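K.L.:
This structure is in structure tokens; I'll ask about it shortly.
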């Protein structure tokens with residue numbers, strides 16, 4: 001099968017490219033390299049089943065040209081603004097990189113009769129519902145960040161396009177994804193800060209923000225197992241892990257792995273690291289567990305493994 005991974009040079013996308021090629025698929029990687037890096041896919045450059053196009057998926061002429069040339073059978077849409085904190089000061093980033101990319105990709109699929117889609121959504125579509133156990137069917141959707149709003153808008157587009165064009169769309173809502181090739185987020189930021197100043201660490205919020213962290217290879221495994229839904233319309237799953245990890249614990253784990261014993265923590269204060277950040281939430285994963293998938297790594301195990309891998313890499 002010829003597959004297209006939009007955002008394929010990104011953190012998650014590059015791991016998905018690895019998995020698809022290992023499964024014998026032909027992979028067309030599309031990325032504008034605004035967040036993805038050539039380093040992430042450098043090891044695939046000579047692979048006979050791999051092609052790379054530098055193109056902005058939010059620009060019709062650019063993405064349409066790739067579709068017209070390649071005409072893939074399956075599209076994996078991971079193109080989005082993944083730096084949620086950065087977009088808090090500029091909602092236009094989400095409109096362009098998260099929402100518009102979805103519309104352009106779906107429009108290309110409609111034009112060329114492509115029926116299979118995977119879309120990377122997020123827990124942020126639920127908003128701040130910290131006291132609820134969030135399930136796919138009954139939990140209300142009220143995003144509080146521009147990122148969450150653009151992802152929810154994308155889900156709505158997928159719902160309509162899949163119905164109107166008989167597409168088979170798989171949508172995963174997942175929490176923080178971590179692992180090798182990480183380029184931003186709390187683990188990456190803390191390591192960089194402590195390398196610059198090993199005696200002090202500034203922590204956004206109060207350090208009590210608590211979230212589940214999923215290891216990237218667990219997420220990719222779920223994508224590969226569920227990608228063929230064989231059902232017209234949108235199939236939706238929460239994808240997560242056992243347990244959760246708070247920000248201060250992440251700081252403690254990094255300090256331990258770096259051998260730092262006298263680090264002073266300072267906090268900016270408040271429940272959230274930035275406006276639009278949800279300090280904690282609880283997923284219901286009954287649906288995907290009943291379908292036969294569970295993550296290998298718990299949240300704490302994923303965090304520890306990611307810290308060790310990123311320290312080796314840097």
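K.L.:
Working from Cα positions, state the angle (0 to 90°, nearest 10) between the long axis of helix 60-70 and the longest principal axis of the chain.
P.N.:
60
K.L.:
Continuing with the same structure: Could you work out Rg/(2.2 N^0.38 Å) for the stretch 144-214, with Rg from alpha carbons only?
P.N.:
The value comes to 1.62.
K.L.:
On a 0 to 90° scale, report how tilted helix 101-112 is relative to the longest principal axis of the chain, with both axes built from alpha carbons and the result rounded to the nearest 10.
P.N.:
20
K.L.:
Taking 0.36 nm per intervening residue step and subtracting the Cα-Cα distance, what contour gain separates residue 47 from residue 242 on full extension?
P.N.:
66.6 nm
K.L.:
By count of other Cβ within 10 Å, fewest leading, how are 283, 265 ordered?
P.N.:
265, 283
K.L.:
Still on this structure, please answer the following. Set the Förster distance to 35 Å, then compute FRET efficiency between residue 192 and residue 157 from the Cβ-Cβ distance, nearest 0.05.
P.N.:
0.45
K.L.:
Now, a different point. Between residue 165 and residue 142, what length in nm is gained on full extension when 0.36 nm per residue of separation is reduced by their alpha carbon distance?
P.N.:
Taking residue 165 through residue 142 to full extension adds about 5.5 nm, to one decimal.
K.L.:
Something else about it: Helix-only estimate, please: 222 nm mean residue ellipticity of the chain, summing -39500 (n - 2.57) across DSSP H runs of length 4 or more and dividing by its residues, to the nearest 500.
P.N.:
The helix contribution divided over the chain gives -11000 deg cm²/dmol.
K.L.:
Shifting gears a bit: Using a 7 Å offset from Cα along Cα-Cβ at residue 111, what residues in the stretch 59-89 end up with backbone N under 12 Å from the label point?
P.N.:
59-71
K.L.:
Next up: I'd like the orientation of helix 186-196 relative to the chain: the angle between its Cα long axis and the longest Cα principal axis, in ° from 0 to 90, rounded to 10.
P.N.:
50
K.L.:
Any chance you could run the full-extension gain for residue 274 through residue 313? It's 0.36 nm times the residue separation minus the Cα-Cα distance, nm to one decimal.
P.N.:
11.2 nm
K.L.:
Within the stretch 186-227, what residues put their amide N at less than 20 Å from the label point 7 Å along the Cα-to-Cβ vector of residue 264?
P.N.:
190-207
K.L.:
Going by how many other Cβ atoms sit within 10 Å of their own, how do 39, 131 line up, fewest first?
P.N.:
By the 10 Å Cβ count, ascending: 131, 39.
K.L.:
Give me 110, 313 sorted ascending by neighbouring Cβ count inside 10 Å, so fewest comes first.
P.N.:
313, 110
Every read-out reported here was derived from the displayed coordinates using simple, explicitly stated rules and does not represent laboratory data. Given the structure is predicted, the values throughout are model-derived calculations rather than measurements. Every residue, glycine as well, gets a Cβ built from its backbone with ideal geometry; the counts of neighbours run over all protein chains shown.
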